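The values are calculated or read from the model by the stated rules, or taken from the named source; none is laboratory data. Keep in mind that this is a model prediction, so the values were computed, not measured. No Cβ is skipped: glycine too gets one built from the backbone with ideal geometry, and neighbour counts run over all protein chains shown.
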Amino acid sequence: MATGLVIGGGPAGLMAAEAMARAGLSVIVTDAKPSLGRKVLMAGKSGLNLTKDEDPATFLAAFEDAAPALAPMLAAFGPAEVQGWAEDLGQSLFTGSTGRVFPKVMKASPLLRSWLRRLAETGVEVRTRWRWTGWDGAAAVFETPDGTQRIAPDVTVLAMGGASWARLGSDGAWADHFDSAPFQPANVGIAVGWSDKMADQFGQPLKAVALSAGGRTSRGECVISARGLEGAGVYAVSRALRAGATLTLDLMPDVPLEKLREKLARRRRGDSLSSHLRRAIRLDPVKRALLMEFGRPLPDDLAPVLKALPVRYDGTLPMDQAISTAGGLRFADLDQGLMLRDRPGVFAAGEMLDWEAPTGGYLLTACLATGLWAGRAAADYAAATPPFSDSTAR
């Protein structure tokens, strides 16, 4: 029986392991942590967003410059397939108003437990607290509680994640063994040096705003934290912010500029500015605080400032505070089966690959899709009938 090794027990690795096991390989999954799927369990604490229910072209476009490389993988296992997979694992799903798909229980733990049971039934062996440290010839080398161990499988799938959330296992240490694209934080907040007057707003949500940076606009919600500005709204433009783009906030995105001017012109005698903003345009305390923080000195014509408030920020938050990372193994260094060109029989999947995706289910779907693709390609390679070449696609 051919043997397969998966290094990394997150969604991409587990999907690769299942694909190889179903193809008849004897599979071992190793992970540096004491248990599997730690990052997906953390994501599930706020509601496990499995995928997004939208047409394939729109879904693929979210991956921007990585879309051409990911296209065949997402065509084979996209949003519809993810939903079917989760339902096969006993999870009832629901789709939110924005198209995001969640298990009805919201948590990740029931799905993960069901998946691990199914993997065990297919004969997949799991070894935890095994940290990969490189190769010794054809063998993968691990530091384990029982000392140094080596495994020389027929095929290997690498799925060790990116470089965010190191405490959950994604520390990017594997990159020392490869010539890969440097890691950069993705889906990350920005650092803001707030004045003392903003302390009362820490922890407050910022709703019904539009954030614009680098030609991209986001209508997601944010949270004002002691560190800066965080949440889905800012994550959606973090790629531009990472490059230092100017960030502006439209505090009244549903009110046109001239209409806003008209409303602001009706000021009652004796009203303070704060009272006027509250009465005339129902500007809430959080938005009023931001206006005072970034808009001073306030001009007589406030409408343009309210529609494009410049936000002073000091770069993104540290990489380990990012939801995910850009960078990793370049697609040019992999064949169409995600096999490393300079190491035959070794494949890669998930966040180890150089791609980034917005939050909203895109990230998890692509991890599952690339894991399945790499696992199937590894099984084909082990059977000595690889369907991939540099000139042909699956």
Among (1) touching a Phe, Trp or Tyr at 6+ places or on another chain (Cβ under 7 Å); (2) under 19 Å from Val155 (Cα atoms); (3) not charged (D, E, K, R) - the single one Pro11 does not satisfy: (1)
Those residues of the stretch 209-237 which are in contact with a Gly (Cβ under 9 Å, 6 or more places away or on another chain) and aliphatic (A, V, I, L, M) amount to Val209, Ala210, Leu211, Val223, Ile224, Ala226, Leu229, Ala232, Val234, Ala236, Val237
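Take the residues of the stretch 215-239 that are of a type in the set (Gly, Ala, Ser) and modelled with pLDDT of 95 or more: which is farthest from Ser324 (Cα to Cα)? Spell out the reasoning first.
Keep residues of the stretch 215-239 that are of a type in the set (Gly, Ala, Ser), which gives 215, 218, 220, 225-226, 228, 231-233, 236, 238.
Pick out the ones that are also modelled with pLDDT of 95 or more and you get 225-226, 228.
On the way: Ser225: 19, Ala226: 21, Gly228: 18 Å.
Within the stretch 215-239, the match that is farthest from Ser324 (Cα to Cα) is Ala226.
What strands (runs of 3 or more DSSP E), lying completely within the stretch 201-252, carry at least 3 residues that are surrounded by 15 or more Cβ atoms within 10 Å (Cβ to Cβ)?
Values: elements: 210-213, 216-218, 222-224, 228-230, 247-250.
Of the strands (runs of 3 or more DSSP E) lying wholly inside the stretch 201-252, those with at least 3 residues that are surrounded by 15 or more Cβ atoms within 10 Å (Cβ to Cβ) span 210-213, 222-224, 228-230, 247-250.
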Among helices (runs of 4 or more DSSP H) entirely within the stretch 1-106, at least 2 residues that are among the basic types (Lys, Arg) occur in 38-43
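Could you list, in sequence order, all residues of the stretch 171-204 that are acidic (Asp, Glu), more than 30 Å from Ala159 (Cα to Cα) and without any contact (Cβ under 8 Å) to a residue 60 or more places away in the chain? Spell out the reasoning first.
Taking the stretch 171-204 as the starting set, the residues that turn out to be acidic (Asp, Glu) are 171, 176, 179, 196, 200.
With more than 30 Å from Ala159 (Cα to Cα) added as a condition, the list becomes 196, 200.
Listed by number, the list holds a single entry, Asp196.
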Residues in the stretch 222-249 that are over 23 Å from Ala62 (Cα atoms), out of contact with any Pro (no Cβ under 6 Å at 6 or more places or on another chain) and of a type outside the set (Lys, Arg) total 4
I'd like the full set of residues that are farther than 24 Å from Ala23 by Cα and hydrophobic (A, V, I, L, M, F, W, C), limited to the stretch 330-352. Phe331, Ala332
If I ask for residues that are buried (at least 20 other Cβ atoms within 10 Å of the Cβ) and over 20 Å from Trp355 (Cα atoms), which ones from the stretch 55-87 would you list? Ala86
Looking at the stretch 166-182, can you tell me whether even one residue there is surrounded by fewer than 22 Cβ atoms within 10 Å (Cβ to Cβ), modelled with pLDDT under 95, of a type in the set (A, V, I, L, M, F, W, C) and in contact with an Asp or Glu (Cβ under 9 Å, 6 or more places away or on another chain)? yes
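With respect to Gly134, is the statement that it is surrounded by fewer than 15 Cβ atoms within 10 Å (Cβ to Cβ) and either hydroxyl-bearing (Ser, Thr, Tyr) or under 29 Å from Gly24 (Cβ atoms) (or both) true? Explain how you work it out, then say what you get.
Details: surrounded by fewer than 15 Cβ atoms within 10 Å (Cβ to Cβ): yes; either hydroxyl-bearing (Ser, Thr, Tyr) or under 29 Å from Gly24 (Cβ atoms) (or both): yes.
When the stated conditions are applied, Gly134 passes them.
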Of the conditions (1) more than 30 Å from Asp171 (Cα to Cα); (2) at pLDDT 95 or above; (3) not basic (Lys, Arg), Gly350 clears all except one; give me its number. (1)
Taking the condition of being closer than 18 Å to Ala308 by Cα and touching a residue at least 40 places away in the same chain (Cβ under 8 Å), how many residues in the stretch 229-257 meet it? 16
When you look at Ala61, is it under 25 Å from Ala382 (Cβ atoms), of a type outside the set (Ser, Thr, Tyr) and assigned by TED's automatic domain parsing to the domain that holds Val155, yes or no? no
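Among residues belonging to the stretch 321-359 that are among the small types (Gly, Ala, Ser) and over 24 Å from Ala166 (Cβ atoms), point out the one that is surrounded by the most Cβ atoms within 10 Å (Cβ to Cβ). Talk me through it step by step, then tell me what you get.
Going through the stretch 321-359, the residues among the small types (Gly, Ala, Ser) turn out to be 322, 324, 326-328, 332, 337, 345, 348-350, 357.
Pick out the ones that are also over 24 Å from Ala166 (Cβ atoms) and you get 332, 337, 345.
Values: Ala332: 9, Gly337: 19, Gly345: 16.
So the residue we want is Gly337.
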State all residues of the stretch 30-45 that are in contact with a Leu (Cβ under 9 Å, 6 or more places away or on another chain) and among the aliphatic types (A, V, I, L, M); if no residue qualifies, say none. Leu36, Val40, Leu41, Met42, Ala43
Under the condition of being aliphatic (A, V, I, L, M) and in a loop (DSSP other than H, G, I, E, B), which residue from the stretch 302-340 is farthest from the chain's Cα centre (by Cα)? Leu302
Can you find even one residue in the stretch 105-117 that is touching a Ser or Thr at 6+ places or on another chain (Cβ under 8 Å) and buried (at least 16 other Cβ atoms within 10 Å of the Cβ)? no
